[in-house]
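The values are calculated or read from the model by the stated rules, or taken from the named source; none is laboratory data. What you are looking at is a predicted structure, and each value in this text was computed from that prediction instead of being measured. Every residue, glycine among them, receives a Cβ derived from its backbone with ideal geometry; neighbour counts consider all protein chains shown.
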Amino acid sequence: MQKNILTKAYNPETFRKEGHQLVDLLADYLQDCMSQKEMPVLPWIDPEMQHADWKNFLDKKSTPLEFYQKFLDQSNHLHHPNYIGHQVVPPLPIAALTDLMATFSNNGMAIYEMGPAATAIERNVIEWLLKFFGWGKNANGLLTSGGSLGNLTGLLAARQAVKEYDVWESGVDGNLAVMVSAESHYSIDRSVRIMGLGDKGIIKLPVDDQHRIKVDLLPGILNEAKNEGKIVMALVGNACSTSTGIYDHNDEMADFCTQNKIWFHIDGAHGGAAIISEKYKYLTKGIEKADSVVIDFHKMMLTPALTTAVIFKNGKTSYEAFTQKASYLLNKKGEINWFDGAGRTIECTKKAMGLKIYLMIKTYGTELFSSYVDQTYDLAREFGNIVQESPDFELAVAPDSNIVCFRLIPEGITEHETNELNSKIRERIKIDGIFYIVQTVINEKVYFRITIMNPFTTLEILKKLLFMIRSISVDLSNKFL
Ligand SMILES: *Cc1c(COP(=O)(O)O)cnc(C)c1O
């Protein structure tokens, strides 16, 4: 007899049974995806209908398994090789399983005692990552929930490193500013505003036709900012940018920062992982000269979201960003212990996100990550070449990474009509569900944007996409004639 609802809800045997069912369901699903079973990648349902449907389901009798199945049926299928949309990876099964362990044990890590093993594991993961940077003893870092929070964390350290002010004690003075690429992810702009620097705290840097920051303009822009009474606290480089996947000239930008004593932050949320690849690490040149770097494991490192590393060449700076007096974080000597994680993150309770990475490294080694980068970057280049050679298609820019932006350019229609056409085609692809791709606007032109996140996407599949784009275009123009 179940005494009460809590005893029932914690029943270990129920957990065992439902857990096995769930793993079986996911394994079958993975099999279906990998064998390219005919199924919509994104089963498109209008948001209002989706909302009403789940509202309805809430009151319906069902088993957990029925809920899991329904959820999968109505979700975006990242493990399907025709998923080539946003930059979120189809997680490695072992990483997802390990996440269940992290979730179930719920060791919070604000202080060592709340997550002893998790804390030590995270430090090992960070040390593994740091090896690729060659920064020496003073370097360290942390894991946090997402690149957006990671960028804010890095920039907070940059702000506290400004000699003229102690922002933590005295508040923000109005003249701090950050130099950012016109192509930066919006989280950079948002971080600057969250830090209280406002619109005037953002100095947008123009990019060249390859979408890289124009390095030769930096001295002039810095001088102008100084003349306006601004103190430039950081320069942010992309490795790579979100929209086109292009790496900035980070090496030259690093030297500029050194000369001018400016903090150099690299947003490597997407492409920082290329440093692990022998073949593609040349793209990240200069990243080893940065003061802080953000890398998302849930993008190019096969890990479920959210898992982000923020690493610092001089680890002490990350503590200084949060010099709040919290006595329970201090040891007897009044020092902050490395093992009490809350001393250096915005998060207090934090998920034990290092576990899944640790086990991936332990099980498959570095090669897992380098193969993934090599394979997806290689394929993007091959696809880029095909697009380049097709007279009816146009590339936005030759791909650096696994992000490719391209568009259809039929003869005899205006720029405006070309935009409309590409937009309509992408909408049709989304609703048909055979592929999942996204779109972006660059210099007022609409492009399809694909990111090769799935290691089982092939050139054949990408050729099918081009074929489908052409046939939808024919279909649409027949309709409108
Ligand atoms: C995805 C991305 C971010 C944001 O990271 P989240 O983990 O989604 O918060 C920041 N910068 C770049 C370059 C990105 O690609």
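A compact table of results
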item: Options Ala139, Ala95: the member that is within 16 Å of the ligand (Cβ to nearest atom) and not acidic (Asp, Glu); result: Ala95
item: Whichever residue in region 150-189 is under 28 Å from the mean Cα position of the chain (by Cα) and free of Cβ contacts under 8 Å to residues at least 24 places away in the same chain and, among such residues, is nearest to Leu306 (Cα to Cα); result: Tyr186
item: Residue under evaluation Val232, criteria (1) farther than 15 Å from Asn175 by Cα; (2) more than 22 Å from the chain's Cα centre (by Cα); (3) β-branched (Val, Ile, Thr), criterion not met; result: (1)
item: Matching residues, region 95-119, being surrounded by fewer than 20 Cβ atoms within 10 Å (Cβ to Cβ) and within 20 Å of the chain's Cα centre (by Cα); result: Ala96
item: Looking only at region 1-55, and only at residues there that are more than 30 Å from Asn76 (Cβ to Cβ) and not in a helix (DSSP H, G or I), the one that is nearest to the chain's Cα centre (by Cα); result: Tyr10
item: Selection from region 263-300 of residues that are part of a helix (DSSP H, G or I), within 16 Å of the ligand (Cβ to nearest atom) and of a type in the set (Val, Ile, Thr); result: Ile275, Thr284, Ile287
item: Within region 123-204, helices (runs of 4 or more DSSP H) holding 3 or more residues that are more than 16 Å from Ser318 (Cα to Cα); result: 186-194
item: Complete set of residues in region 97-131 that are aliphatic (A, V, I, L, M) and closer than 30 Å to Lys289 by Cβ; result: Ala120, Ile121, Val125, Ile126, Leu129, Leu130
item: Count of residues meeting criterion [in contact with a Lys or Arg (Cβ under 9 Å, 6 or more places away or on another chain) and outside any loop (DSSP other than H, G, I, E, B)] in region 335-365; result: 4
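To keep it simple, each residue is scored yes or no on (1) of a type in the set (Asp, Glu); (2) more than 30 Å from Leu459 (Cα to Cα).
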site	(1), (2)
Glu66	yes, yes
Pro81	no, no
Ile84	no, no
Gln87	no, no
Pro91	no, no
Asp99	yes, yes
Ala110	no, yes
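Here's the yes/no breakdown for (1) closer than 15 Å to Ala157 by Cβ; (2) in contact with a Gly (Cβ under 7 Å, 6 or more places away or on another chain); (3) modelled with pLDDT under 95:
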site	(1), (2), (3)
Ile275	no, no, no
Glu278	no, no, no
Ile295	no, yes, no
Ala309	yes, yes, no
Tyr319	yes, yes, yes
Tyr328	no, no, yes
Lys333	no, no, yes
Cys348	no, no, yes
Leu359	no, no, no
